[in-house]
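Asker: Quick one: this structure, given as structure tokens, is what I'll be asking you about.
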Ligand SMILES: [Ca+2]
């Protein structure tokens, strides 16, 4: 009898310990919020040196978390940057190298069903998952957020626009719930939804991907924000974004969720300076270009009490988020494919460590235009014809190696010879030093040849390239 009681007690305590282990694991799975701004430039926030705007809420996030000075996205236009963040893979690899339009040509173009997203991985770890805001990775069934690991979606399929009847309609999951919405109402609506979602899921781990339209065109802040900045309407628009980020971080603190929530704030690409304004700060070029102004973005990561704080200069990529977040949530990182991002958990925890990236590639559309290795960046020769539709300018004369200051927002459209920059000394890419370092030029040109074979280029299909389902990939029509 004693033996039986002993066994029963042993089994009972065993179960109790198992249950406590399970609960412990649940508690340790952090909530994850990615706040993805649109077209916000490297110099658009006061914490990144902006003088004519005041962004106290995002600055506070930077003060309480880690602010990165060399964080890159994988494309300088919306859709490919988003595809790379969500899959941890270069746009050439995941099949989404050009921005998507509501055009007949792109009707079958969407994030491929075989791609694995951060949401897919976290959903398997029992996370609640939701995308709010701008999707821009496919219009049709099979390509929606709910087809890519998000249990719920609330937002627009693409950029807000009145040029097509569907582009100003709000979707909930895959159904239209509001038609012809006024643009200015979206940012508050999204923030309300996000706060509701946090409340509903405060007892379980959740992943919220909140992709604001701000500060993409139309530069149209709500009327309460007009005239609030020292800058233009664009500055007001940035301040409106800051206000809503503040509402979210405040709600997190009020719900006592901030100790178990990782908040990641970043932009999808640089500012559309030529068209709408914005600032890339000390960087050259902006959106649509492979200069640093297109690819290097403001990025802040905070996990109260768990991650290091301060300013970090390590060269990192938005593609690193997939393996990092997967590892923090206890998810398996896919091994049946190349994941270009690296697990940067130890850098986030300690604030120390070197970049895990040996080489990083800058594609504009399907054209390989630059390669980076550490502090070195080599721009590769190209013609205007090699450029995707957003960068073509057939009247542009090839750049001859002078007046890099004057290339402005258009970037280097045509280039006859490679240009080499030392980004540590010259983050503005103003002084070509290719003649002083022929060995670096040679090494990077050799790597360009290698990666073309793997990821593709103009007229080269790569061995690990997913090709979009339409002809003349770089053309709009
Ligand atoms: Ca964008």
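Asker: Test of understanding: ordering 268, 173 by Cβ neighbours within 10 Å, fewest first, what list do you get? Working shown, then result.
Answerer: Details: 268 29, 173 14.
Lowest count first: 173, 268.
Asker: Rounded to the nearest Å, what's the spacing between the alpha carbon centres of the stretch 306-345 and the stretch 110-173? Just the number, please.
Answerer: Centre-to-centre distance over Cα atoms comes out at 22 Å.
Asker: Neighbour counts of other C-beta atoms within 10 Å: give me 69, 129, 350 arranged from fewest to most. Walk me through the numbers on the way to the answer.
Answerer: On the way: 69 16, 129 26, 350 10.
Result, fewest neighbours first: 350, 69, 129.
Asker: Then there is this: Before anything else, pin down the relative contact order of the stretch 360-455: Cα pairs under 8 Å, at least 6 apart, normalised by residue count, whole percent. Don't jump to the answer; show the numbers that get you there.
Answerer: On the way: 137 pairs, mean separation 24.4, N = 96.
Relative contact order comes out at 25 percent.
Asker: If a/c stays under 1.5 just call it rounded; otherwise compare a/b with b/c (prolate if a/b is bigger, oblate if not). Do that for the stretch 360-455, with a ≥ b ≥ c from the square roots of the Cα gyration tensor eigenvalues.
Answerer: Numbers: a/c = 1.76, a/b = 1.13, b/c = 1.56.
Oblate, since a/c reaches 1.5 and b/c is not below a/b.
Asker: Another question, then. Any chance you could check the Cα centroid distance between the stretch 76-109 and the stretch 242-302 for me, in angstrom?
Answerer: So the two Cα centres are separated by 20 Å.
Asker: Separate question: How many nm is it between the label spots at residue 336 and residue 350, if each spot is 7 Å from the Cα in line with the beta carbon?
Answerer: 3.5 nm
Asker: Using the 10 angstrom Cβ neighbour count as an exposure proxy, how do 148, 161, 112 rank, fewest first?
Answerer: Details: 148 27, 161 15, 112 19.
By the 10 Å Cβ count, ascending, the order reads 161, 112, 148.
Asker: Let me ask something else. From the Cα gyration tensor of the chain, with a ≥ b ≥ c the square roots of its eigenvalues, which class applies: rounded if a/c is under 1.5, or else prolate if a/b is larger than b/c, or else oblate? Don't jump to the answer; show the numbers that get you there.
Answerer: Numbers: a/c = 1.62, a/b = 1.43, b/c = 1.13.
Prolate, because a/c is 1.5 or more and a/b exceeds b/c.
Asker: How would you classify the stretch 196-336 from its alpha-carbon gyration tensor, with a ≥ b ≥ c the square roots of the eigenvalues: rounded for a/c under 1.5, else prolate if a/b is greater than b/c, otherwise oblate?
Answerer: Numbers: a/c = 2.14, a/b = 1.30, b/c = 1.64.
It comes out oblate by the Cα gyration axes.
Asker: Cα axis of helix 78-87 to longest principal axis of the chain: angle in degrees, 0 to 90, nearest 10?
Answerer: Relative to the chain, helix 78-87 is tipped by roughly 40 degrees.
Asker: Sticking with the crude label model, points 7 Å out along Cα→Cβ, report the distance from residue 192 to residue 179 in nm, one decimal please.
Answerer: Here the answer is 2.1 nm between the modelled labels.
Computed from the coordinates by the stated procedures, all read-outs in this text should not be read as laboratory data. Source: prediction; values computed, not measured. Ideal geometry is used to build each Cβ from the backbone, glycine not excepted, and the neighbour counts take in all protein chains shown.
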